[in-house]
Amino acid sequence: MFLRNSWYVLGWTRDLAPGKPLGRVIIGDPVVVWRDETTGRLHAAEDRCPHRHAPLSMGRVEGDAIRCMYHGMKFGPDGRCAHVPLLETPPKVAIRTYPVVEKDSWIWVWMGDADRADEALIPDAHGIDNPEQPMRANSIEYDAHYQLVHDNLCDLSHVDFVHETTLRIATGAWWAQSAPRITTQDRSVRFERWFVDADLPGAQNGETVDTWISYDFHVPGIFVLRGARYPAGTAMECGMKEPVGIEPVSRNIEQQAVTPIDATHTAYHYATGLIGNTPEMTRKLAERMDVVMATFEEDREMIEEQQKIWDRTDPEVEKLFLPQDKGPFLMRKMMERLIREEAVSEEEDA
Amino acid sequence: MFLRNSWYVLGWTRDLAPGKPLGRVIIGDPVVVWRDETTGRLHAAEDRCPHRHAPLSMGRVEGDAIRCMYHGMKFGPDGRCAHVPLLETPPKVAIRTYPVVEKDSWIWVWMGDADRADEALIPDAHGIDNPEQPMRANSIEYDAHYQLVHDNLCDLSHVDFVHETTLRIATGAWWAQSAPRITTQDRSVRFERWFVDADLPGAQNGETVDTWISYDFHVPGIFVLRGARYPAGTAMECGMKEPVGIEPVSRNIEQQAVTPIDATHTAYHYATGLIGNTPEMTRKLAERMDVVMATFEEDREMIEEQQKIWDRTDPEVEKLFLPQDKGPFLMRKMMERLIREEAVSEEEDA
Amino acid sequence: MFLRNSWYVLGWTRDLAPGKPLGRVIIGDPVVVWRDETTGRLHAAEDRCPHRHAPLSMGRVEGDAIRCMYHGMKFGPDGRCAHVPLLETPPKVAIRTYPVVEKDSWIWVWMGDADRADEALIPDAHGIDNPEQPMRANSIEYDAHYQLVHDNLCDLSHVDFVHETTLRIATGAWWAQSAPRITTQDRSVRFERWFVDADLPGAQNGETVDTWISYDFHVPGIFVLRGARYPAGTAMECGMKEPVGIEPVSRNIEQQAVTPIDATHTAYHYATGLIGNTPEMTRKLAERMDVVMATFEEDREMIEEQQKIWDRTDPEVEKLFLPQDKGPFLMRKMMERLIREEAVSEEEDA
């Protein structure tokens, strides 16, 4: 079961080619997005022509409308049929539309009751279009349930193992040797920690840094992390609390979205950036990004193999709860609560 | 559910290599066809050795018989076992045989009650073996239910959209701007129309033609189209009726067969020809065939994506009926009626 | 249904890379094997970390233990958890371990009740590591039920048909023209035969040999064949019985294991050797092995196509029993009896 009343990331804004609609499946429902040729605004609707259920995403953008390129039905941004070949008056039918927003380089679609769509619920990310803060972005697809990807992102102790020779080295930290501080927000879980005396990869003379890592994992699968490296000693100076008003040596930003396609497939849209305090350092750090980008394939391999073991395992077999599971557990409970509340709310409406 | 008492196209005659049997699945049933080495006639049977259910299509033709190449059982054209290694007398077993006919370059198999097989029910096509009327032929497979392919062929208004930059240009006509005359025959639906003042592609000085298009879509999925181009004005001269006794400038012929493999796969055997009124023009038109052949891939892409939307859609969701649907509707009703009659007839026989 | 109380071949010893665990699925259960870095012994366990069900086969060997490389849980050879990051005392959990034995170049795993594991039940094979008796080995996977592979190996009359131009020629014998002597052993079926005046492939002057073939097919799918070529006349001299104390001109050895992965996939580990009575002849025969190795693909093609026909056939449709089926029949009955006895035994234990 999926949460419906939520903003889901359909993909990157850049995935939308000029004049072409874009079709994706979100929580089992085909969705099409197109850009209004006049206003430049996005429109979203069910990706299904009411005539013969052809995908509108194979259609054509015409002004503010989308035309099905199977038999030519055209629909306005309000979903209403605007034209049908051979008919003088279009029939009084409409496709379902979805609230859609473009923000921080992502296309966000509200999959639930349109009346409840509130843009304030869209978490802040970073975007990938700032040339001074270069980000590398990509999208992949998991043959796995989204829950396994959530679990992965809510317990970064796996960095020491899954990414032992890649991200662990690149971050200079040991992620499984201590636990982050975890707090629950309204629709997200927050993870914060210092790594004291972390190795500075590539540094000479064994130079170390103090690294502050803070990330939020938002419903229904948005991961936004900000990391910052400071001179050794900064963590102590800050009393092991969040560093405020201190310029870091370098920063890293991760923005990732887990979007369930259906019960067995999950889309994953991720971007990552290493940003120095000078343009020169930023350029230098950019070279190291290949390592970071490769780690996403390490996660995919692990999670898809994990899914295969789940598929061969009686669902009654219990799993072991470890301290590391606090984050994944809180996130699962939050999702379960919201899905439950949604079911109750639908019953009350009925 | 499939219609059983019908001739199905198993494939092109040329698919049958000398001395080799050919196996295909039709409406869920494995069928093997082989050519008698003595008489040259075709034989058809279930593609399943009664011994261990190995496919006879991996077997060997021996005279008029077929031998299973797993353990060596041999079957005559009547389906009876003719030889088994180690046994002096073959066991009294037989495989089911099917009526099979070779006509117009296709292999036709009657999948139902053999007593009802009537060759007169095989519709006339054209064949691809006449060197003066060169045809291009191919076979592809759809990951889709056959109904979606039927619908496609019974509503050519889709040419303006699916084939907007290919077949629509090549035909010089607008297919969705007017409707054909549609009449129901006994086991087919007929579509007829004039395109007046159609563009003549490649013509200089904006020359136009009147194009007469007539096609029958026969149970259980045979599409035979004949088109003809005449000097502009001919349509009016004929009173917008079928042109009789007038030699066209050029003709085109399409012969296509939709053969269900099972509920989710469909074979499609198609041939197309552009034939001029002089050998020179015929050669010239042959060059334009690449465009026509490419359109079959355009259909496949649309239909397979349409099938995916169907798979993600509650079957209870109604579809919209448009005037364009008259042809597909009549064909679906005809198929449903015949399938229903067949069920009644089987009950009566029982 | 699968037999559980049995030794299954997980794979070749050489499949186990140094320091790396090896994961395979046997009768539906994921199994991991690793080699103790201290003692060199093998350990086997369920390939499923109790924490989040990640595959331990993606883990790391540490001494005698295996560590899950998702979140770092470590398990000793007794299956008990030995370490978890962040916890001073590991939790009292254990993974299921399996008896495992290394013998004749194969890794054998006992999938049933560990108390009943008896190494004496492991049939003798030959091994592939003797440099003076060179064997060629490989593993493939069938998209088919294991039963179809058993049937294949228990009726070699198929050599004349499936391997008509390969193994039949290479063996110089006609396999379907006479039947072997078949006897049932405790957990195997034995097949013995002479081929009198068999062609000696590659021989000049039409030289022939008498060939003695003897093989056992052991529960749950172990095929061990020994063949030997003698001067023509030997069969008669031996009274058509097993030749004892006579040195053959050349020998061939086959050792093959059929291991069900699940109900629709089967692993097949095979090795084959042609060994002469002189090193020179052995070298010469080794050249002919390509032909023998190719025959395994011929079997796979037939069996996978056979499985497709089974999938399209009502399971109620009876199959024909031929004299050739005596071996497959006895083996199926043996397997059925053992599976039935196992069910009864489990009930009694309960």
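The values are calculated or read from the model by the stated rules, or taken from the named source; none is laboratory data. None of these values were measured; they are calculated from a predicted model. Here Cβ is always computed from backbone atoms with ideal geometry, including for glycine, and neighbour counts include all displayed protein chains. Heavy atoms of the whole protein, side chains included, go into the accessibility calculation; ligands, DNA and RNA do not. Shrake-Rupley method; radii C 1.70, N 1.55, O 1.52, S 1.80 Å.
Data table
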| read-out | value |
| --- | --- |
| Sparse-neighbour loop sites [GluC sites (Glu not before Pro); the range C:144-252; at most 12 other C-beta within 10 Å; DSSP] | C:207 |
| Backbone HN-Hα couplings from phi across the range C:184-192 [Karplus 6.51/-1.76/1.60, Hz, Gly and Pro as x] | 9, 9, 4, 10, 7, 10, 10, 10, 9 |
| Residues whose placed amide H lies under 5 Å from that of residue A:93, excluding near-sequence neighbours | A:81 |
| Set of lysines with alpha-carbon distance to residue C:92 below 24 Å, sequence-local pairs under 8 removed | A:319, A:326, C:74 |
| Share of alpha-carbon pairs per 20 Å distance bin for chain B, given as whole % | 27, 52, 19, 2 |
| Estimated dipole of the range A:136-333 in Debye, rounded to 20 [Cβ of Lys and Arg +1, of Asp and Glu -1, Cα centre] | 640 |
| Over the range C:136-333, relative contact order from alpha-carbon pairs under 8 Å, at least 6 apart, % | 27 |
| Cα-Cα pairs of the range B:7-121 separated by more than 19 Å (percent) | 40 |
| ³J(HN,Hα) computed for each position of the range B:310-315 - Karplus, 6.51 cos²θ - 1.76 cosθ + 1.60, integer Hz, glycine/proline x | 4, 5, 9, 10, 3, x |
| Teacher prompt: residue B:124 distances to equivalent labels in other copies, 7 Å Cα→Cβ, nm | 7.8, 7.8 |
| The range C:175-214, relative contact order [Cα under 8 Å, separation at least 6], % | 33 |
| In range of the label at residue C:264: residues from the range C:7-44 whose backbone nitrogen is under 13 Å from the point 7 Å along Cα→Cβ | none |
| Computed FRET value (nearest 0.05) for residue B:114 with residue C:293, which takes r as the C-beta separation and R₀ as 51 Å | 0.65 |
| Karplus-derived HN-Hα couplings along the range C:131-142 (A = 6.51, B = -1.76, C = 1.60, θ = phi - 60°), whole Hz, x at Gly and Pro | x, 8, 10, x, 10, 10, 10, 6, 9, 9, 10, 9 |
| Chain B: angle of helix B:326-349 to the longest principal axis, Cα-based, in degrees nearest 10 | 20 |
| Dimensions (Å) - the range B:88-175, Cα atoms, principal axes, largest first | 67, 36, 27 |
| Kirkwood-Stokes translational diffusion coefficient of the range A:128-255, alpha-carbon pairs, 25 °C, 0.890 mPa s, µm²/s | 154 |
| Magnitude of the charge dipole, the protein assembly as shown, Cβ model with Lys/Arg +1 and Asp/Glu -1, debye to 20 | 860 |
| Solvent-accessible area per residue, Å², over chain C with all protein chains present [probe radius 1.4 Å] | 44 |
| Kirkwood hydrodynamic radius of the range C:3-60, Cα pairs, Å | 12.0 |
| 5 angstrom amide H check on residue A:51, placed H, neighbours 5+ away | B:320 |
| Where trypsin sites (Lys or Arg not before Pro) fall in DSSP loop in the range B:1-94, at most 15 other Cβ within 10 Å | B:41, B:92 |
| Label-point gap, in nm, between residue C:304 and residue A:312 - each point 7 angstrom along Cα→Cβ | 2.0 |
| Amide H within-cut-off set for residue C:197, under 5 Å, with H built and near neighbours excluded | C:209, C:210, C:211, C:233 |
| Per-selection Kirkwood Rh - the range B:228-350 (Cα, Å, 1 d.p.) | 19.1 |
| Protein accessible area in chain A, 1.4 Å probe - carbon and sulfur % | 49 |
| Of the GluC sites (Glu not before Pro) in the range B:36-96, those whose Cβ has at most 10 other Cβ within 10 Å and which sit in DSSP loop | B:88 |
| Kirkwood hydrodynamic radius over Cα pairs of the protein assembly as shown, then Stokes diffusion coefficient at 4 °C and 1.567 mPa s, in µm²/s | 37 |
